[in-house]
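First the structure, in the form of structure tokens, and then the observations on it.
The values are calculated or read from the model by the stated rules, or taken from the named source; none is laboratory data. Model, not experiment: these values are computed from the prediction. Cβ coordinates were reconstructed from backbone atoms using ideal geometry, including for glycine residues, and neighbour counts include every protein chain displayed. Please note that ligands, DNA and RNA were not included when accessible areas were found on the heavy atoms of the full protein model with its side chains. Shrake-Rupley method; radii C 1.70, N 1.55, O 1.52, S 1.80 Å.
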Amino acid sequence: MAIPDYQSCMLPLLRLAGDGEVHSMREAVEKLSDEFGLTAEERAEVLPSGSQFVMANRVGWARTYMKKAGLLSDPKRGHFQITERGRELLDSNPSEINTKTLRQYDSFVEFQTKSSPRTSSGATSTEQTSYPTPQEALEYGYEKLTESLSDELLENVMACSSAFFERLVVQLLVAMGYGGSLKEAAASVVGSAHDGGIDGIINEDKLGLDTIYVQAKRWDGPVGRPEIQKFAGALLGKRARKGIFATTSSFSKDAVEYANGLESKIVLIDGQRLAQLMIENNIGVSVSHSYEVKRVDSDYFVDE
């Protein structure tokens with residue numbers, strides 16, 4: 001039979017996870033390939049870029065979508081496990097699982113809304129399954145890939161130590177053009193129990209005309225106002241006017257309002273913004289494949 005699409009992989013994948021054990025993606029691809037009776041040629045089929053096997057790609061997207069719906073979790077990199085919500089759906093004995101099934105969960109609707117194409121009225125359409133032009137399909141597909149990459153980046157960051165995260169934030173700022181380079185001592189990571197609420201110090205420019213102090217929190221829950229107040233106090237103690245507070249999670253409304261009302265400038269970077277900046281500045285990511293979209297150069301064909 002033909003290689004199944006990613007939605008056809010959802011129910012078999014959830015059933016595989018139904019034993020409650022932690023399963024690897026490699027194991028899932030093999031077992032689903034057996035279940036669908038794929039030939040050796042079908043198992044070896046790769047994407048046009050040559051970067052990944054088609055079946056592995058589709059099983060991977062099935063896992064991503066069900067994770068967004070809260071049916072699966074990622075206990076460790078490259079693995080998955082059923083959640084209580086996933087168990088409840090499996091116990092209802094569904095005949096199939098597809099994106100329509102997943103839309104009963106708010107977390108999946110939110111995911112689709114953030115990365116779905118816009119309709120002519122400006123609203124997002126989660127029901128749209130095709131795109132008007134190939135270029136739009138490419139661009140919307142790129143948005144979804146970036147969204148998935150952002151989540152994967154944050155998962156990897158959360159698996160690392162707090163000290164690693166502090167270094168990552170400083171390295172990111174250097175990559176963004178602050179202070180020159182780490183070799184030139186443009187930035188330093190303080191990262192000790194006696195750092196006075198400061199995790200990093202970085203020059204605002206290559207000449208070191210001003211200094212920016214950095215706080216980095218590798219947290220799951222939202223960062224509240226008290227943490228921003230402590231950081232503001234640390235800046236005051238250093239007689240500093242500028243600071244950056246970065247976290248893997250988010251900031252509470254009170255924290256944002258407090259930071260906005262300060263005389264000193266504190267920039268807040270939440271997890272989603274952090275991941276976007278990492279992607280834009282090639283921190284923790286590498287190019288898997290690139291495509292050039294070309295058009296006809298009409299000037300070339302002018303016959304004078």
(request) Would you tally the net charge around Arg26, using a Cβ to Cβ cut-off of less than 14 Å, leaving Arg26 out, and scoring K and R as +1, D and E as -1? (result) +2
(message) I'd like the FRET efficiency for Tyr140 and Leu236, computed as 1/(1 + (r/R0)^6) with the beta carbon distance as r and R0 of 45 Å, rounded to 0.05.
(response) 0.45
(request) Could you rank Met55, Met176 by how accessible they are, 1.4 Å probe, largest area first? (result) Met176, Met55
(message) Taking R0 as 41 Å, what FRET efficiency do you get between Glu27 and Lys253 from their Cβ-Cβ distance, rounded to the nearest 0.05?
(response) 0.45
(message) Can you give me the angle between helix 106-115 and the longest principal axis of the chain, using Cα atoms only, in degrees from 0 to 90, rounded to the nearest 10?
(response) 80
(request) Report Val109's accessible area, 1.4 Å probe, all protein chains in place, as a number in Å² to the nearest 10. (result) 50
(message) Which residue fluctuates most in the GNM of the chain (Cα springs below 10 Å): Glu280, Glu292, Glu143?
(response) Glu292
(request) Output the relative contact order of the chain, whole-number percent, from Cα pairs under 8 angstrom with separation of 6+ residues. (result) 11
(request) Grab the beta carbon distance between Arg15 and Arg295, set R0 = 45 Å, and tell me the FRET efficiency rounded to 0.05. (result) 0.45
(message) Using only the heavy atoms of the protein chains and a 1.4 Å probe, how would His23, His289 rank by accessible area, largest first?
(response) His289, His23
(message) Helix-only estimate, please: 222 nm mean residue ellipticity of the chain, summing -39500 (n - 2.57) across DSSP H runs of length 4 or more and dividing by its residues, to the nearest 500.
(response) -13000 deg cm²/dmol
(request) Relative to the longest principal axis of the C-alpha atoms of the chain, give the angle of the C-alpha long axis of helix 271-280, reported between 0 and 90° and rounded to the nearest 10°. (result) 80
(request) Please go through the residue pairs Lys67/Lys217; Lys144/Lys217; Lys31/Lys100; Lys68/Lys144; Lys206/Lys242; Lys100/Lys144 and name each one whose alpha carbons sit more than 20 Å apart in this structure. (result) Lys67/Lys217; Lys144/Lys217; Lys31/Lys100
(message) Given points 7 Å out from each Cα along the Cα-Cβ axis, report the Ser92 to Ala163 separation in nanometres with one decimal.
(response) 4.8
(message) Tell me the angle of helix 54-68 to the major Cα principal axis of the chain, expressed in degrees between 0 and 90 and rounded to the nearest ten.
(response) 60
(request) Work out, in µm²/s and without decimals, the Stokes-Einstein translational diffusion coefficient of region 2-55 at 37 °C, 0.692 mPa s, Rh from Kirkwood over C-alpha pairs. (result) 277
(request) Mind listing the long-range amide H neighbours of Val267? Cut-off is under 5 Å, sequence gap 5 or more, other chains count too, H placed in the peptide plane at 1.01 Å from N. (result) Gly243, Ile244, Phe245
(message) For the chain, what does the accessible surface come to per residue with a 1.4 Å probe? Please give it in Å².
(response) 58
(message) Need one number: nm distance between label points at Gln104 and Asn57, each 7 Å from Cα along Cα→Cβ, rounded to one decimal.
(response) 3.1
(request) Quick one, can you get me the convex hull of the C-alpha atoms of region 198-254 expressed as volume per residue in Å³? (result) 80
(message) Under 10 Å, Cα contacts only: if you run a Gaussian network model on the chain, which one of Ser92, Ser24, Ser249 comes out with the highest mean-square fluctuation?
(response) Ser92
(request) May I ask you to compute the full-extension gain from Glu84 to Phe36, defined as 0.36 nm times their residue separation minus their alpha-carbon distance, rounded to one decimal in nm? (result) 14.6 nm
